[in-house]
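The structure appears right after this line, and notes come after that.
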Amino acid sequence: MNKLTFGNILIFSQLLLTYSFSPSIKQSHQFQHQNSPNELQNFFTLGRQRIISLSAGRINEYYIQKVNTTLDVWEGAALSIKVFFGTSNNFLKNYMLRMITMMQYKDLLLRYSSNNNAMYKASDQSGKVIGFSEIFLWENDFKRTRIFVDEADVELEESRLYPKLANLAVDERYRRSGLGTQLLTACMEQARSWGYETALLLVDEDNKEAMKFYRRIGCKRVGLLGGNETPRRLEWRGFYFSRVKVARILLSINASNLINVE
């Protein structure tokens, strides 16, 4: 048995075991709207931030709120996997995508119960989740990190906690509407409540579109983490997902310098 085949069997076995963990999912309640303003506004109602924006000649209306139920966590996991991997009519691929969603749900659920974590979701007027983001306190020894001294605006120290942004996902229909920036802004407000002005995030080195977005909103390159595996880089190879090792760029974002872009 060659190494690739053995590795793929391990992946499939892990997915199969994860699939046996099935959360109890209930139908979510649709939002009730009491206001219909004619002008652009940004305000909080019942713990939800209502956003109305104009992008590409289209008015976008959505709500951002803190995740506060396990159902919210499940919906965030489902959206992130859909955004990262897409959908498929292929029965086998669709089956494995569902198992990966279960893995993502379990991973998010572990952090959800922590005091050092906050998750946010965005919903459209019907209550459908269209955006998700997460921030948590992260510890890394940074021993495998090559620092970009020309840009780094944060000093990395071993055994110190740093706010880390993760799992930013926006439904394709709402991209370039400012939703991604709004979700990051919510996370950065949480970081401030923890006493931090700067947060870190990781982006795959070859993810050019994501890098372009993060640079546009004011992120700076801090370092390069080489050789780490990331579940997001599972690639479909006809009949199975194969893991791909990738280098990841470590970025920093300052709450005061966050630029709102579409």
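The values are calculated or read from the model by the stated rules, or taken from the named source; none is laboratory data. Keep in mind the model is a prediction, meaning the values are calculated, not measured. With ideal geometry, Cβ positions are generated from the backbone for all residues, glycine too; neighbour counts draw on all protein chains shown.
ILE130 meets the conditions (1) β-branched (Val, Ile, Thr); (2) in a strand (DSSP E or B); (3) modelled with pLDDT under 85 in every case but one. The failed one is (3).
Of the listed requirements (1) at pLDDT below 90; (2) under 13 Å from SER252 (Cα atoms), ASP141 misses just one: (2).
Of the residues GLU158, GLU235, the single one that is of a type in the set (Asp, Glu), over 28 Å from ASP141 (Cβ atoms) and at pLDDT below 85 is GLU235.
Scanning the range 115-127 for residues that are more than 16 Å from the chain's Cα centre (by Cα) and either under 23 Å from TYR196 (Cβ atoms) or in a helix (DSSP H, G or I) (or both) yields ASN115, ASN116.
Is the range 195-209 home to any residue that is assigned to a helix (DSSP H, G or I) and at pLDDT 85 or above? Yes, the conditions are met somewhere in the range 195-209.
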